[in-house]
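I have placed the structure first, in the form of structure tokens, so that the comments after it can refer back to it.
Just so you know, all these numbers are worked out from the coordinates, no wet-lab data involved. Source: prediction; values computed, not measured.
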Amino acid sequence: PGYAVRTRGEVASMKESFADMGFGLLLAVSLLYLVMVVQFRSFRDPLIIMAAVPLGLMGVLWILWATGTSLNIQSFMGIIMVAGIAVSYSVLLVDQANRRLAEGMPVREAVWSAGRVRLRPILMTRLAAVLALAPMALTPGQATTPLARAVIGGVAVSMMLGLFTVPVLYTYLKHDPGGRENRA
């Protein structure tokens, strides 16, 4: 009793920075969702697309744990980058499936066709991102190493899981052009 512990200096600054980055991530994801609601004219499609963000976050946390890298400002910036990258690839898939759906295809055929058409560009661009960041991620002691590792882990895991999760959610949540729900 009568004693208190206060953090000052670098620790206080770091806590404030983490709080600001967390708010920035939350704001970025919220604004991204709202922009996609306007773009897709739907509340459902952006939810399907945003399902890739938690998958990317799982990849970031996994690779940071596996490499013994701390969660710091650089890796937090990587998390924000992963959110944008994961969403961009899901947009490609959902947009292509929506086009096929508008042509009158059933939901399953539309998502299957979109997956076939968009698989190569998605894989090539994700592989390019991982390979481009590999030298930074493998060089110990650089300030950007946590950022590169975070992006690589997030992109790799969101790619592997997102290629399955997004089509499954799309199939479950979308309606056929005739107005009947697709629950099969």
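Summary of computed values
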{"quantity": "If the convex hull is drawn through the Cα atoms of the stretch 1-113, its volume per residue in Å³", "calculated": "152 Å³"}
{"quantity": "Kirkwood-Stokes translational diffusion coefficient of the stretch 48-169, alpha-carbon pairs, 37 °C, 0.692 mPa s, µm²/s", "calculated": "224 µm²/s"}
{"quantity": "Full-stretch length increase - A4, L27 - with 0.36 nm per residue and alpha-carbon distance subtracted", "calculated": "4.9 nm"}
